[in-house]
Amino acid sequence: MKKISWDETMEYLEILSQISLTEEEKQETAGELKKILAYMEKLEELDTDGVEPMSHVFPVQNVFREDIVEREDQWEALLENAPQKKEGQYLVPKTV
Amino acid sequence: MGEEYLTWTAGELARKIRKGEIRPSEAVEASLLQIERMEPQIGAFLQIDREGALARAEEVEQGIRSGKYQGPFAGVPAAVKDNICTKGMETTCASRILSGFYPPYDACAVEKLKEAGIIILGKTNMDEFAMGSTTETSARKVTKNPWNTGHVPGGSSGGSCAAVAADECFIALGSDTGGSIRQPSSFCGVTGIKPTYGTVSRYGLIAYASSLDQIGPIGKDVADCARMLSLLAGQDRRDSTSLKRETLDFEEDLAGDIRGMKVGIPKEYLDEGIDPEVRDALKKTMEILKERGASVEEFSLGMTEYVIPSYYIIASAEASSNLARFDGVKYGYRSPHADSLHEMYKMTRSEGFGTEVKRRIFLGSFVLSSGYYDAYYLKALKARAVIKEAFDRAFAAYDVLLGPAAPQTAPKIGESLSDPLQMYLGDLYTAAVNLAGLPAISVPCTVSKAGLPIGIQLIGDCLQEKKIIRAAAAFEKERGIFPKAYSGTKRGKI
């Protein structure tokens, strides 16, 4: 595996994950990730030439249904869980 | 009143209720009283719906009389893991980020409980988002093992297993992504089934790793779990991965006739890293299965060293994607400290998720990120195929595989979280089953010298629940009544 710059990687992972860590957490998480990834490199030795990746146990196909709105009556019940709402909609901080 | 009910199995209790010897409300009251007694020491529940359960007991009693509820568990008090949605009852995955989430709908499995007249007492503690092996990553509370409160109950379904072991409920729902039903069942001396992937609808199960997650029963014996699985199983259009299967009827299998059954023990499972007492438990199980007429032999399963790397890459990758939905907009916690939308997402997630969840989201984001995708994620998917092939070869020769549920008994509270990798390695015997989509059952076998239960695991080929239940029933009959968690003196009394 190629060498990883951990400072940059942690910053990138913070962006991908939408999670910020404190400096201390960053150090600790980087340390743990290094250990875990080093262990996972064991997979390198496994010969998987010609093996199809298996994302699912059964060869299930897409399951389709008619595009009809169901359970529209739950609108209010769903909105009830919103941390902030206004006029029947989710309220979020200013976006622009 | 009610003391003697508590140690009955769910099936025994339901029979008495059907005969009119006990009212559902009496059973609920007995459970609530036991919860009151045990919870200060055990802490299995995050929430108890006292009024709801008592009101429901009255309805169910009428329903039993009118013939509406005729199932095997009508009137039985049960508990539900906190990652399974219950309408109007807070469902948090033991995470701060979902605090205050009251689902407007029931999970499919919960609908089935309700349709069967089962009474839900409350929600049980778990590792946050089911990520953990001890229930210690819960953001809410620490659950203790009813056998010894200095020890963890295992995880992630630790609350459900502890509640059953402490007789706070008669049966419970758990979920299993890499062993989260089977390992805590082993640690708490109860029985648990992880069904074939797709057997129980995941609708309303808050996703951790969707290609691995399954809901399953946790109970006091094999019969309770088998019958509960029959009740839970079924194709559901709201879960496109759920399978159309024949009706699952295990009554014949519960007789435990295993004459001629071929059982294999992967010899890798007996290798170093396993506690000698757990190995002895397996040997004892082997002897019992032989006595009942099965042939048992060791064989090499192969590929076992790739299970943990492959499992943690896939599970974390799926988790990093599944948990992206928790952003403070639609439900649960929102950080009060943000002024802009993106800051709100980031702060909500940073404040709302615990350490282990963050670690797995980071790991998942890493293995999916460009430059590393092929080396980690894609490689893990290929390893998964190779692991599945190893099981296919094994099931060409054997009906059932026997193994441990965990390498040792329940660790002490506070010992596991400091070394995550070490904790991950404990999933060796269980995670492979999820990767391959197989059914497996964990059954209590014996009690260690230190007084902690040891369970064994029986693994079947896809869709072959009947075989593992038959083997488990045979083993259970020969093993005899398993001792109670909270010492012999208290047995049958509250």
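The values are calculated or read from the model by the stated rules, or taken from the named source; none is laboratory data. Values in this document were obtained by computation on a predicted structure and should not be read as measured data. Virtual Cβ from ideal backbone geometry, glycine too; neighbours counted across all protein chains shown.
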(request) State all residues of the stretch B:321-344 that are within 7 Å of another protein chain (Cβ to nearest Cβ), part of a helix (DSSP H, G or I) and polar (S, T, N, Q); if no residue qualifies, say none. (result) none
(request) Say whether the condition of being more than 23 Å from the chain's Cα centre (by Cα), closer than 30 Å to B:Val357 by Cβ and within 11 Å of chain A (Cβ to nearest Cβ) is met by at least one residue in the stretch B:273-296. (result) no
(request) Only residues that are farther than 23 Å from B:Phe73 by Cβ and either in contact with a Lys or Arg (Cβ under 7 Å, 6 or more places away or on another chain) or assigned to a helix (DSSP H, G or I) (or both): list them for the stretch B:126-136, please. (result) B:Glu128, B:Phe129, B:Ala130, B:Met131
(request) Please state which of the following conditions A:Val57 fails to meet, knowing it meets all the rest: (1) in a helix (DSSP H, G or I); (2) at the interface with chain B (Cβ under 7 Å from one of its Cβ atoms). (result) (1)
(message) Please determine whether any residue of the stretch A:21-38 is under 30 Å from B:Thr196 (Cα atoms), surrounded by 15 or more Cβ atoms within 10 Å (Cβ to Cβ) and at the interface with chain B (Cβ under 7 Å from one of its Cβ atoms).
(response) yes
(message) I'm told B:Ser370 meets every condition in (1) at pLDDT below 95; (2) over 19 Å from B:Ile314 (Cα atoms); (3) not hydrophobic (A, V, I, L, M, F, W, C) except one. Can you identify the failing condition by its number?
(response) (2)
(message) Which residue is nearest to B:Thr409 (Cα to Cα), if the candidates are limited to the stretch B:244-274 and must be among the acidic types (Asp, Glu) and in contact with a helix residue (DSSP H, G or I) (Cβ under 9 Å, 6 or more places away or on another chain)?
(response) B:Asp271
(message) Can you report the number of residues in the stretch B:370-393 which are buried (at least 20 other Cβ atoms within 10 Å of the Cβ) and more than 14 Å from every other protein chain (Cβ to nearest Cβ)?
(response) 0
(message) Suppose we filter A:Lys26, A:Lys94 for residues that are of a type in the set (Lys, Arg), more than 30 Å from B:Asn434 (Cα to Cα) and either part of a loop (DSSP other than H, G, I, E, B) or more than 24 Å from the chain's Cα centre (by Cα) (or both); which single one remains?
(response) A:Lys94
(message) Residue pairs, Cβ under 8 Å, 6 or more apart or interchain, first in the stretch B:23-49 and under 17 Å from B:Ala10 (Cβ atoms), second in a helix (DSSP H, G or I) and among the hydroxyl-bearing types (Ser, Thr, Tyr). List them.
(response) B:Glu26/B:Tyr5; B:Ala27/B:Tyr5; B:Ala30/B:Tyr5; B:Ala44/B:Ser160
(message) Just the residues that are assigned to a loop (DSSP other than H, G, I, E, B) and surrounded by 24 or more Cβ atoms within 10 Å (Cβ to Cβ), please, taken from the stretch B:137-166.
(response) B:Thr137, B:Ser138, B:Thr143, B:Pro146, B:Trp147, B:Val152, B:Pro153, B:Gly154, B:Gly155, B:Ser156, B:Ser157, B:Ala166
(message) Considering only residues that are facing another protein chain (nearest Cβ under 7 Å), touching a Phe, Trp or Tyr at 6+ places or on another chain (Cβ under 8 Å) and surrounded by fewer than 23 Cβ atoms within 10 Å (Cβ to Cβ), which ones fall in the stretch B:345-369?
(response) B:Ser369
(message) Take the residues in the stretch B:72-105 that are surrounded by fewer than 22 Cβ atoms within 10 Å (Cβ to Cβ) and free of Cβ contacts under 8 Å to residues at least 60 places away in the same chain; name whichever of them is farthest from the other protein chains (Cβ to nearest Cβ).
(response) B:Met89
(message) Here is a list: B:Ile42, B:Ile22, B:Ile97, B:Ile64. Which entry is out of contact with any Cys (no Cβ under 6 Å at 6 or more places or on another chain) and within 30 Å of B:Arg325 (Cα to Cα)?
(response) B:Ile97
(request) Please state which one of B:Ile469, B:Ile481, B:Ile441 is surrounded by fewer than 18 Cβ atoms within 10 Å (Cβ to Cβ), within 30 Å of B:Leu248 (Cα to Cα) and among the hydrophobic types (A, V, I, L, M, F, W, C). (result) B:Ile481
(message) Is it the case, given these coordinates, that A:Glu32 is touching a Leu at 6+ places or on another chain (Cβ under 8 Å) and within 30 Å of B:Met303 (Cβ to Cβ)?
(response) yes
